[in-house]
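Below is one structure, written out as structure tokens; comments come after it.
The values are calculated or read from the model by the stated rules, or taken from the named source; none is laboratory data. Everything numeric in this text was worked out from a predicted model, so none of it was measured. As a convention, Cβ positions derive from the backbone with ideal geometry for all residues, glycine included, and neighbour counts pool all protein chains shown. The accessibility values were calculated without ligands, DNA or RNA, using every heavy atom of the protein model including side chains. Shrake-Rupley method; radii C 1.70, N 1.55, O 1.52, S 1.80 Å.
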Amino acid sequence: MQTAHRQDLSVTVLDTNAELGVHAAQAFAAAVQAELAERDEIAVILATGNSQFSFTEALQHRSDIEWGRITVLHMDEYLGMDASHPASFRRWMRERIVEPLAPARFEGIQGDAESVEGELQRYRRLIQELGPTICVMGIGENGHLAFNDPPADFSAPELIRVVEMDEASRRQQVGEGHFPSLEQTPTHAMSLTIPALLAPRHVLVLAPEARKASAVRDALQGEITPQCPASILRTRPNAKLFLDQDSASLLDR
């Protein structure tokens, strides 16, 4: 394990994806314990996707997280998608977080809500009322954070919005096995904005696997630019990035 800083961002490189998951789960547990020492209940924002598998598996082996005092939010959902669809992020959260860990409450983004604007307003109010103190997320193959694809809006005035997914982001969903083809992959989603994702006191970012190496290199060694949304992480002293040897393989050492 090696830890260094890229500007304000703490970067830890683990040997394997499994070790990354264990280490990130330990950091999450420590953050939860610190926050619950100050209040009765907290809210957290959790990501979905393949990059989170080792983390969620490690969470299931910990007994030091008081899930009964935690409300779970997530960061995106495909527009128009039913919660039972195999690719639904609400279903992902239900299967990997809600059912095995039993948090006090889960609030999913209803991508198939009858009123899109009404759902955006509902979720915006939830975030404002709950004030999440921890966010755990990944980095997309095109550098996206949630579904904030390049060029990202670093100063979006709203907390959640409808976004159009770019082709690289949609191809990632196909590559991860969530859809059989690009044509069958949704083009729009509801997504938390970058200011909403970075507002919590603790921001943990998990980016394992070789397919993320190019995005990681650009985020850490390139210009801080909306063309690489994850590059904004270098300005955040409240953020910690966890890599494995594969995702860190293109970095200058």
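Here G143 does not fit the description of being touching a helix residue (DSSP H, G or I) at 6+ places or on another chain (Cβ under 9 Å), open to solvent by 60 Å² or more (accessible area, probe 1.4 Å) and either closer than 30 Å to H23 by Cβ or of a type in the set (V, I, T) (or both). Give the range 1-33 a look and list any residue that's under 12 Å from I134 (Cα atoms) and either open to solvent by 20 Å² or more (accessible area, probe 1.4 Å) or free of Cβ contacts under 8 Å to residues at least 60 places away in the same chain (or both), or say none. Hits for the range 1-33 are A27, A29, A30, Q33.
Taking only the range 187-208 into account, find how many residues are surrounded by fewer than 18 Cβ atoms within 10 Å (Cβ to Cβ), assigned to a loop (DSSP other than H, G, I, E, B) and not basic (K, R). So that I can check it myself, show each step before the final result.
Initially, the range 187-208 is screened for residues surrounded by fewer than 18 Cβ atoms within 10 Å (Cβ to Cβ), giving 187-188, 195, 201.
Add one more test, that the residue is assigned to a loop (DSSP other than H, G, I, E, B), and what stays is 187, 201.
Restricting the remaining residues to those that are not basic (K, R) gives 187.
Result for the range 187-208: 1.
The residue of the range 159-171 that is farthest from G143 (Cα to Cα), among those that are open to solvent by less than 40 Å² (accessible area, probe 1.4 Å) and not charged (D, E, K, R), is I160. When S191 is tested against (1) polar (S, T, N, Q); (2) closer than 28 Å to E19 by Cβ; (3) at pLDDT 95 or above, only condition (2) is not met.
Is there a residue in the range 77-94 that is in contact (Cβ under 8 Å) with a residue 12 or more places away in the chain, assigned to a strand (DSSP E or B), among the charged types (D, E, K, R) and open to solvent by less than 10 Å² (accessible area, probe 1.4 Å)?
We begin by selecting, within the range 77-94, every residue in contact (Cβ under 8 Å) with a residue 12 or more places away in the chain; these are 77-83, 86-90, 92-94.
With the extra rule that they be assigned to a strand (DSSP E or B), the set shrinks to 77-78.
Okay, now just the ones that are also among the charged types (D, E, K, R), so 77.
When the remaining residues are screened for being open to solvent by less than 10 Å² (accessible area, probe 1.4 Å), the result is 77.
Yes, the range 77-94 contains at least one residue that is in contact (Cβ under 8 Å) with a residue 12 or more places away in the chain, assigned to a strand (DSSP E or B), among the charged types (D, E, K, R) and open to solvent by less than 10 Å² (accessible area, probe 1.4 Å).
Residues in the range 34-67 that are touching a strand residue (DSSP E or B) at 6+ places or on another chain (Cβ under 7 Å), in a helix (DSSP H, G or I) and either at pLDDT below 95 or within 14 Å of T133 (Cβ to Cβ) (or both): E35, L36, S51. Every test in (1) surrounded by fewer than 17 Cβ atoms within 10 Å (Cβ to Cβ); (2) closer than 21 Å to Q173 by Cβ; (3) of a type outside the set (V, I, T) is passed by E114 save one, and that test is (2). Every test in (1) within 16 Å of the chain's Cα centre (by Cα); (2) of a type outside the set (D, E); (3) under 21 Å from L206 (Cα atoms) is passed by P100 save one, and that test is (1).
Name the residue that is farthest from the chain's Cα centre (by Cα), counting only residues in the range 151-167 that are part of a loop (DSSP other than H, G, I, E, B) and at pLDDT below 95.
Step one: filter the range 151-167 for residues part of a loop (DSSP other than H, G, I, E, B), giving 151-159, 165-166.
Those still in the list that are at pLDDT below 95 too: 165-166.
Working: M165: 16, D166: 18 Å.
Result: D166.
Looking across the range 98-150, the residues that are of a type in the set (K, R) and assigned to a helix (DSSP H, G or I) come down to R122, R124, R125. As for the range 172-182, it holds at least one residue that is open to solvent by less than 60 Å² (accessible area, probe 1.4 Å), part of a helix (DSSP H, G or I) and not hydrophobic (A, V, I, L, M, F, W, C).
Evaluated against (1) open to solvent by 60 Å² or more (accessible area, probe 1.4 Å); (2) under 23 Å from F179 (Cα atoms), Q60 falls short on exactly one condition, (2).
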